[in-house]
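Step one of this worksheet: look at the structure below.
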Amino acid sequence: MGKSTFAKHLVLTEIAETDRLPILLELRRIPQDKTLLEAIADELDEFGKAFDRDVLYRLLSEAHLLIVLDGFDEVAEAARPARAQQIEELASKAENASLVVTSRPEAVLPDLADVQAYAFEPLSPAQAESLVKRYDRCGDLDVGARLIKEFDHVPERFLQTPLLISLLYRTYGFNNTISTRITSFYDEVYNALYKGHDLTKAGFSRPKKSGLDIEDFRRLLRGFAFLAISQEEVSFPSESRAVARIEQAVQLTGIHPRTGTAFLQDLLLAVPLMVREGGEIRFMHKSIAEYFAAEYLAYAHKADQLLQTIREGPLYKRFFPSLDMLAELNPGLFKRAIVAPLAEEVINREAQSKDALINTLIFLDEVTGIGLFEVDDFELREDTIPHILTWGVVRRDIVVDGVKYIGIIGGKSQRRIPLSAWILISKSIEGDEIGELDEPILFDSWKKIGWDEQFSLDTWVKFTDPIFSDEEVMTRLGELCLLYVNPLLSFGFAHRILDIARAQELLNSISEENKTHEWVNRLLGSPPGKSD
């Protein structure tokens with residue numbers, strides 16, 4: 001009931017209402033060693049006979065096609081740059097085709113010309129109400145009618161997506177309670193699905209083929225989800241692949257079901273957190289796996305060491321959603337293992353500018369910079385802006401003395417930080433400091449922008465340049481930088497800048513917590529320093 005469902009609906013609509021040929025590719029199913037062209041050819045191949053490749057190339061260059069590439073965010077992170085390049089090449093060669101790419105917003109998308117970006121609007125209260133009433137009609141129930149009366153007590157985000165509404169409906173039908181936190185919500189989802197699957201049959205609970213009770217089932221599920229997130233494998237191409245991952249989870253957790261296959265069957269039927277589509281088996285939603293992976297982290301043996309390994313390793317970004325849930329499940333652990341090292345860096349690093357915003361931008365990406373270019377001659381090239389290669393740019397029109405220019409702020413490898421950690425070491429910027437992001441930035445003269453002496457057109461200047469420590473320059477550039485801060489810090493950092501006082505406050509709270517643990521250890525007769 002999200003981007004993949006929409007992609008399929010779009011293709012079916014094309015078949016019914018237009019004469020274009022739609023081609024749908026689920027990117028997660030394409031092997032890393034296979035190109036997009038080969039994947040498209042596979043879709044057109046007849047059984048035992050390859051589709052003529054010359055005809056395929058002519059189709060791509062001349063025919064009116066709709067090519068839908070679903071789930072760019074589900075491509076393995078290491079494979080995304082190569083896949084993005086293939087998408088860019090396909091877009092440039094398939095001149096008459098329309099290309100649609102779907103993705104979660106956190107993935108850096110391919111750089112396509114003349115692109116339009118769309119996002120799902122959250123469901124309105126009226127749409128949420130309509131949806132739960134429809135569920136009632138399907139089962140001849142009154143769960144939705146009762147739930148609607150509680151909508152004022154339901155967190156807004158739970159009513160904005162069909163998936164969360166359906167899970168809310170299921171849990172409310174089971175226990176008549178409303179969760180206010182996302183982790184509590186998924187906890188109730190699990191209990192509702194394990195204890196009672198069918199709302200239309202009072203007291204009915206499907207038997208569990210795995211032979212595991214509610215706690216052991218959950219422990220094994222945590223290990224399974226942790227391994228799935230670690231391997232970027234919340235979707236399995238076959239049952240045997242899923243069972244193999246379950247067997248690894250058995251070794252990790254020490255919880256033994258009757259068989260790995262029986263546990264998988266329970267996840268599909270008795271505790272339906274996974275679904276089967278053809279030969280593929282996947283979690284109902286990636287957030288389900290992320291939640292149970294967070295539970296694994298929260299209760300793992302030597303959790304501090306495990307989180308340190310994740311924080312310092314190549315899988316750190318992969319665990320961000322789980323780490324944000326960990327901040328609710330075990331706040332103390334999250335602060336010690338994830339936020340404290342960031343807070344120490346904020347306090348100990350040497351400020352490179354007197355401006356807090358500039359220091360924030362440098363903290364997030366050492367190569368972040370700013371440039372001003374003439375409209376007619378502007379082209380985003382590596383020799384012009386060598387740093388804008390990895391995560392893209394923020395581009396705005398700037399009008400100086402009636403003449404329009406292109407202003408660019410961007411970087412190469414923006415540091416990613418879990419949102420819950422960022423909130424603890426930063427402070428909010430008031431909304432009226434940001435400005436209107438859709439309007440051109442207007443300056444009466446070059447002197448007001450600061451380019452008259454320090455900068456020139458077609459020059460790229462990093463924020464680490466000493467010029468940004470000049471208060472007079474920052475006074476003139478401050479408006480420009482603030483106008484950029486919202487889109488630049490687009491992964492949850494928007495409207496916030498580093499705050500040394502908050503970082504110190506967090507470290508002080510951790511220190512007090514450690515003292516409390518030592519006091520408890522002394523009370524229990526444990527040697528000092530053993531607070532594990």
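Residue under question is residue 165, and the condition is that it be buried (at least 20 other Cβ atoms within 10 Å of the Cβ), assigned to a helix (DSSP H, G or I) and not assigned by TED's automatic domain parsing to the domain that holds residue 264; does it hold?
Criteria met by residue 165.
Each residue in segment 270-326 was checked for being outside any loop (DSSP other than H, G, I, E, B) and touching a His at 6+ places or on another chain (Cβ under 9 Å), and 1 of them qualify. Which residue pairs have Cβ atoms under 8 Å apart, sit 6 or more places apart or on different chains, and have a first residue in segment 1-22 that is in contact (Cβ under 8 Å) with a residue 40 or more places away in the chain and assigned by TED's automatic domain parsing to the domain that holds residue 73 and a second that is part of a helix (DSSP H, G or I) and acidic (Asp, Glu)? Close Cβ pairs satisfying both conditions: 20/14; 22/14.
Scan segment 463-482 and give yes if some residue there is surrounded by fewer than 17 Cβ atoms within 10 Å (Cβ to Cβ), at pLDDT 75 or above, part of a helix (DSSP H, G or I) and out of contact with any Ser or Thr (no Cβ under 8 Å at 6 or more places or on another chain), otherwise no. Yes - at least one qualifying residue is present in segment 463-482. Being without any contact (Cβ under 8 Å) to a residue 12 or more places away in the chain, surrounded by fewer than 16 Cβ atoms within 10 Å (Cβ to Cβ) and more than 11 Å from residue 292 (Cβ to Cβ) is a property that holds for residue 251. Got at least one residue in segment 39-50 being of a type in the set (A, V, I, L, M, F, W, C), surrounded by 14 or more Cβ atoms within 10 Å (Cβ to Cβ) and free of Cβ contacts under 8 Å to residues at least 12 places away in the same chain? The answer is no; no qualifying residue exists. Can residue 245 be described as farther than 30 Å from residue 32 by Cα, surrounded by fewer than 22 Cβ atoms within 10 Å (Cβ to Cβ), assigned by TED's automatic domain parsing to the domain that holds residue 314 and at pLDDT 95 or above? Judged against the criteria, residue 245 is not a match. Filter segment 70-110 down to residues that are farther than 21 Å from residue 290 by Cβ, touching a Ser or Thr at 6+ places or on another chain (Cβ under 7 Å) and either exposed (fewer than 15 other Cβ atoms within 10 Å of the Cβ) or at pLDDT 90 or above (or both), then give me how many there are. The number of residues fulfilling the criteria is 3. A single member of 123, 141 is more than 26 Å from residue 318 (Cα to Cα) and either in a helix (DSSP H, G or I) or at pLDDT 90 or above (or both), and it is 123.
Of the residues 176, 96, which single one is touching a residue at least 12 places away in the same chain (Cβ under 8 Å), more than 26 Å from the chain's Cα centre (by Cα) and in the same structural domain as residue 66 (by TED's automatic domain parsing)? First the steps, then the outcome.
Working: 176 fails: in the same structural domain as residue 66 (by TED's automatic domain parsing).
Going through 176, 96 in turn, just one is touching a residue at least 12 places away in the same chain (Cβ under 8 Å), more than 26 Å from the chain's Cα centre (by Cα) and in the same structural domain as residue 66 (by TED's automatic domain parsing): 96.
The values are calculated or read from the model by the stated rules, or taken from the named source; none is laboratory data. From a predicted model like this one, the values you see are computed outputs, not experimental measurements. Reconstructed Cβ throughout: ideal geometry from the backbone, glycine too, with neighbour counts over all protein chains shown.
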